[in-house]
Amino acid sequence: MYRSLEEICKEAAATGCSFWELIQKDDCRERQIAQEESFVQLQRMYQAMKEADQDYDGTLHSRSGLVGTDGGKLEHYVEQEEPICGDFLGRVMEKAVKMGESNACMKRIVAAPTAGACGV
């Protein structure tokens with residue numbers, strides 16, 4: 001199991017494997033499943049995340065009222081400003097917040113194994 005994005009990038013450079021291949025190999029090793037099964041499951045999770053992003057509703061709030069609207073604010077910031085962390089990390093944070101809000105607002109539960117989520 002990887003402990004950081006940096007660790008994955010170093011291994012990718014050292015082995016010549018792509019980032020996604022390392023994640024998939026780690027998934028297979030961790031869950032003791034075949035590559036084909038891993039690929040199908042990872043593809044489903046990715047599709048669920050894309051749909052949650054596309055269907056994001058920036059007006060929703062969690063029942064507690066503590067969560068909601070921040071994904072839309074981040075999206076606006078990344079599109080209209082120049083994020084201090086750069087566009088790529090700004091987008092990563094935006095997507096992560098949107099997924100968290102989707103979960104908290106019970107719109108759609110979107111989860112990934114630790115190996116897949118470590119980049120976020």
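Looking only at region 15-40, which residues are buried (at least 17 other Cβ atoms within 10 Å of the Cβ) and in contact with a Lys or Arg (Cβ under 9 Å, 6 or more places away or on another chain)?
SER38
For region 78-99, what are the residues that are in contact (Cβ under 8 Å) with a residue 12 or more places away in the chain and among the β-branched types (Val, Ile, Thr)?
Those that are in contact (Cβ under 8 Å) with a residue 12 or more places away in the chain and among the β-branched types (Val, Ile, Thr): VAL78, VAL92, VAL97.
Hey, any hits in region 34-44 for a residue that's among the small types (Gly, Ala, Ser), under 18 Å from the mean Cα position of the chain (by Cα) and farther than 20 Å from ARG91 by Cα?
Among the residues of region 34-44, at least one is among the small types (Gly, Ala, Ser), under 18 Å from the mean Cα position of the chain (by Cα) and farther than 20 Å from ARG91 by Cα, which makes the answer yes.
Within region 3-25, restricting attention to residues that are within 20 Å of the chain's Cα centre (by Cα) and of a type in the set (Ser, Thr, Tyr), which residue is nearest to GLU37 (Cα to Cα)?
Among residues in region 3-25 that are within 20 Å of the chain's Cα centre (by Cα) and of a type in the set (Ser, Thr, Tyr), the one nearest to GLU37 (Cα to Cα) is SER18.
What number of residues within region 100-109 are touching a residue at least 12 places away in the same chain (Cβ under 8 Å), outside any helix (DSSP H, G or I) and under 15 Å from the mean Cα position of the chain (by Cα)?
Total meeting the criteria: 1.
May I ask you to list the residues in region 42-58 that are in contact with a helix residue (DSSP H, G or I) (Cβ under 8 Å, 6 or more places away or on another chain) and over 17 Å from ALA96 (Cβ atoms)?
LEU42
All of the numbers you see were taken from the coordinates with simple rules; none came from a lab. All values derive from a computational prediction rather than experimental measurement. Because the Cβ atoms are built from the backbone with ideal geometry, glycine has one as well, and the counts that use them run over all protein chains shown.
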